[in-house]
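The values are calculated or read from the model by the stated rules, or taken from the named source; none is laboratory data. For clarity, every value in this text was computed on a predicted model and none was experimentally measured. Don't worry about glycine lacking a Cβ; one is built from the backbone with ideal geometry, like all the others, and counts go over all protein chains shown.
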């Protein structure tokens, strides 16, 4: 193939990536407007825009600015963080089935947050909640990499992640069992299902700094992911400090996922699904996959949160339940597609 053909192909791919990213931005903006308009009081997009900028009636302004805007901001930010974390984990481990929830990070973060809630170690609106969630998430990802080893195969990673997730779940159940307040136990049980309902700007300020810090850490390593895709030895020969990269990714995932779980509970499978939806459109370059995966994660969580408000029900359906219902079949499909790797090459 001539140099001109290579350059033309690269130019076409670049324009396609730019088009996909622009389409994602438009989709997220539309979902944001829809999220601000959906609820017991339906508002048109024009009414939402008016209320956002101080127009419309006082009631519409309160509904949009004080009730729905914090929920929408968290849906956007948490979805983006989960999608970005999933793409980063897949880039670090060079494994298409890698994601924070499969390796115990959200479950462990939930355990850390439950400790604070159940035993009154701090007020649920204090920064102790995300700090404990982040510490537990950091410990789980670090434990996974320590247990599985640097060159672990897919099966070992999944088994180690399953063990860590199960341990975190059992520890959470133990904390709930030891709690003497039944109302606290009920609150924790509903919180663990994952929801963005009744969130305020205080929750936004509680979680957003940690998620932004985590996103900055992960995005700062995007070029290292590209080198790592060629193998650890090649990456080291290109000047990548693999140990530092691993620590940065662990820290970024722990900060982002811990901050998200602290205010939303466990919302699963967005980090697994988002990169897979983008890979056929963007390509397999992990550096270019990060931002589209984040935008896709935002779109998925916003759409799921809109859906739970629109589904007829006597009680509010938790968004974490809906994402799991969609995500588990998708994960099983990926397992079937990767079964040759799991069985050592035997179909």
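Per-residue answers, yes or no, for (1) modelled with pLDDT under 80; (2) more than 20 Å from residue 293 (Cβ to Cβ); (3) surrounded by fewer than 17 Cβ atoms within 10 Å (Cβ to Cβ); (4) more than 16 Å from the chain's Cα centre (by Cα):
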{"site": "97", "(1), (2), (3), (4)": "yes, no, no, no"}
{"site": "105", "(1), (2), (3), (4)": "no, no, no, no"}
{"site": "116", "(1), (2), (3), (4)": "no, yes, no, yes"}
{"site": "127", "(1), (2), (3), (4)": "yes, yes, yes, yes"}
{"site": "134", "(1), (2), (3), (4)": "no, yes, no, no"}
{"site": "148", "(1), (2), (3), (4)": "yes, yes, no, yes"}
{"site": "152", "(1), (2), (3), (4)": "yes, yes, no, yes"}
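Go through (1) touching a residue at least 24 places away in the same chain (Cβ under 8 Å); (2) more than 26 Å from residue 292 (Cβ to Cβ) one by one and return the number of the condition residue 141 breaks.
All conditions pass for residue 141, except number (2).
For every residue, the table says whether it meets (1) buried (at least 21 other Cβ atoms within 10 Å of the Cβ); (2) in contact with a helix residue (DSSP H, G or I) (Cβ under 6 Å, 6 or more places away or on another chain); (3) farther than 15 Å from residue 88 by Cβ.
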residue	(1), (2), (3)
237	no, no, yes
245	no, yes, no
248	no, yes, no
255	yes, yes, no
260	yes, yes, no
271	yes, yes, no
275	yes, yes, no
278	yes, yes, no
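Can you tell me which residues in segment 86-107 are in a helix (DSSP H, G or I) and under 22 Å from residue 337 (Cβ atoms)?
To start, the set of residues in segment 86-107 that are in a helix (DSSP H, G or I) comprises 86-93, 101-103, 105-107.
The answer is 86, 87, 88, 89, 90, 91, 92, 93, 101, 102, 103.
Mind telling me which of the residues 196, 192, 178, 208 ends up being over 30 Å from residue 239 (Cβ atoms) and exposed (fewer than 12 other Cβ atoms within 10 Å of the Cβ)? Walk me through it before giving the result.
Values: 196 fails: exposed (fewer than 12 other Cβ atoms within 10 Å of the Cβ); 192 fails: exposed (fewer than 12 other Cβ atoms within 10 Å of the Cβ); 208 fails: exposed (fewer than 12 other Cβ atoms within 10 Å of the Cβ).
Being over 30 Å from residue 239 (Cβ atoms) and exposed (fewer than 12 other Cβ atoms within 10 Å of the Cβ) holds for just one of 196, 192, 178, 208, which is 178.
Would you say residue 278 is assigned to a helix (DSSP H, G or I), at pLDDT 85 or above and more than 29 Å from residue 168 (Cα to Cα)?
Taking the combined requirement at face value, the residue satisfies it.
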